[in-house]
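The values are calculated or read from the model by the stated rules, or taken from the named source; none is laboratory data. Because the structure is a prediction, the values reported are computed rather than measured. Don't worry about glycine lacking a Cβ; one is built from the backbone with ideal geometry, like all the others, and counts go over all protein chains shown. The area values use the complete protein model at the heavy-atom level, side chains included, leaving out ligands, DNA and RNA. Shrake-Rupley method; radii C 1.70, N 1.55, O 1.52, S 1.80 Å.
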Amino acid sequence: MHVKKLVSVLGISLLTAVSGVAQEKPGTISALEFQTPKNGMVKQYEEGRKQKLEWHKQQKDTQPLYVWEVVSGEHTGTYIVGRLEQHWADYDKPSVPDQADLDQYNKVIGASVQSRWTQYYEFLPKVSSSGDTKATDKFSEIIVYHVRAGEESEFNGALARAHEAIQKTKWANGYLWLALVNGGGGGTYVLIRPHKSWADFEGKPDMKPFRQMLVDAFGNEEADSLNKRFDASVESVTTEIDKFRATPSYLPNK
């Protein structure tokens with residue numbers, strides 16, 4: 001499956017933002033639309049996004065609409081537009097009518113777009129450690145794991161055990177896992193690591209390698225076993241960086 005069909009989220013601290021939908025608990029579903037502007041029409045696209053932002057204000061839309069730009073990888077220049085922390089039932093009663101939203105998109109943005117596609121992702125809280133991450137963090141490091149057919153159970157088991165090791169050793173904080181649930185190939189998992197600046201991508205000299213962290217948590221034998229489980233279940237890995245774009249994003253509570 002190509003990376004263009006993946007979040008990048010997403011930034012993509014995609015699932016820590018506050019939804020405007022009245023729910024007892026935030027949902028775990030993110031709807032992400034990937035929009036690639038036509039060559040030479042990025043300026044028109046961004047102007048259209050600003051116009052649509054104003055339209056959402058006029059409609060008194062209660063739900064945030066986040067925008068990220070892909071700044072590295074095969075699909076540099078693609079924009080990701082997302083609503084986060086949704087329940088499936090929320091799509092039956094959107095904050096603004098779907099047809100009105102589409103009509104406005106076609107009016108001010110559609111002519112500048114080369115391609116667009118939509119995907120739905122589910123946040124995996126049991127293997128994530130949100131820390132102080134926010135959907136508005138400047139950058140999101142996106143690491144996409146394509147799991148082999150029939151190996152999802154093995155991958156999920158290894159992922160849960162690795163998360164346990166990370167929590168036990170306090171090795172890292174501020175990482176989010178998502179799984180693609182509709183709109184692409186099966187077995188797609190996304191790891192999102194937010195960064196507040198480019199300097200934040202620098203490796204931390206006092207941070208132990210992943211395998212050593214596993215050894216500290218469980219010993220050599222299980223560390224080797226976990227690494228083998230990941231190697232056997234993952235077919236390929238792709239990466240990208242997404243940059244949060246505040247101006248075209250619609251944040252009603254700001």
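How long is the gain from PHE201 to VAL71 if the chain were fully straight, where each residue apart is worth 0.36 nm and the alpha carbon distance is subtracted? Could the numbers behind the result be given before it?
Working: separation 130, 0.36 × 130 = 46.80 nm, distance 1.41 nm.
Taking 0.36 nm per residue and subtracting the Cα distance, the gain is 45.4 nm.
Run the helix sum for the chain: -39,500 (n - 2.57) per DSSP H stretch of 4+ residues, divided by residue count, reported at 222 nm to the nearest 500 deg cm²/dmol.
Using -39500 (n - 2.57) per qualifying helix, the result is -8500 deg cm²/dmol.
Relative to the longest principal Cα axis of the chain, at what angle does helix 42-58 sit, 0 to 90 degrees, rounded to 10?
Roughly 80 degrees, rounded to the nearest 10.
In Å², what does the accessible area per residue of the chain work out to with a 1.4 Å probe?
On the way: 12770 Å² over 254 residues.
For the chain, the solvent-accessible area averages 50 Å² per residue.
With r defined as the distance between the Cβ atoms of ASP92 and TRP117 and R0 fixed at 22 Å, what FRET efficiency is calculated, to the nearest 0.05?
0.50
Compute the FRET efficiency between GLN44 and LEU102 as 1/(1 + (r/R0)^6), taking r as their Cβ-Cβ distance and R0 = 22 Å, and round to the nearest 0.05.
Here the calculated transfer efficiency is 0.75.
Compare LEU102, LEU176 by solvent-accessible area with a 1.4 Å probe and give them largest first, with all protein chains kept in place. Each step should come with its number before you reach the end.
Values: LEU102 65, LEU176 0 Å².
Sorted by accessible area, descending: LEU102, LEU176.
Using a 1.4 angstrom probe on heavy atoms only, work out the carbon and sulfur share of the accessible area of segment 139-254 in %.
So the carbon and sulfur contribution to the accessible surface is 48 percent.
Express in whole angstrom the spacing between the alpha-carbon centres of segment 67-130 and segment 136-204.
Segment 67-130 and segment 136-204 have Cα centres separated by 20 Å.
With a/c under 1.5 counting as rounded, go ahead and sort segment 87-232 into rounded, prolate or oblate using the C-alpha gyration tensor (a ≥ b ≥ c being the square roots of the eigenvalues; past the cut-off, prolate if a/b is larger than b/c, else oblate). Don't skip to the answer; put the middle values down first.
Numbers: a/c = 2.51, a/b = 1.81, b/c = 1.39.
Prolate, because a/c is 1.5 or more and a/b exceeds b/c.
Cα gyration tensor of the chain, axes a ≥ b ≥ c as square roots of the eigenvalues: rounded (a/c below 1.5), prolate (a/b > b/c) or oblate?
Prolate shape, in that a/c is at least 1.5 and a/b is the bigger ratio.
Can you spot the lysines whose alpha carbon is less than 20 Å from LYS208's alpha carbon? Ignore those fewer than 8 places along the same chain.
By straight Cα distance, LYS208 reaches LYS168, LYS170, LYS228.
Using 10 Å bins from zero, what percent of all Cα-Cα pairs in segment 42-140 falls into each bin?
Whole-percent P(r) values from 0 Å outward: 12, 41, 36, 11, 0.
Say R0 is 45 Å: what FRET efficiency, to the nearest 0.05, do LYS138 and ALA232 get from their beta-carbon distance?
0.80
Can you list residues from other chains, or at least 5 along the same chain, whose modelled amide H is less than 5 Å from the amide H of ARG245?
Sorted by chain and number, the residues that satisfy this are VAL67, TRP68, GLU69.
Specify the longest stretch of the chain that does not include any exposed loop site, a site being one of the GluC sites (Glu not before Pro) with a non-H, G, I, E, B DSSP assignment and at most 14 other Cβ atoms within 10 Å.
On the way: sites that count: GLU24, GLU74, GLU202.
After excluding every exposed loop site, the longest remaining stretch is 75-201.
From the cross-link list LYS52/LYS243; LYS57/LYS243; LYS43/LYS196; LYS50/LYS204, which pairs have alpha carbons spaced over 31 Å apart?
Violating the 31 Å limit, Cα to Cα: LYS50/LYS204.
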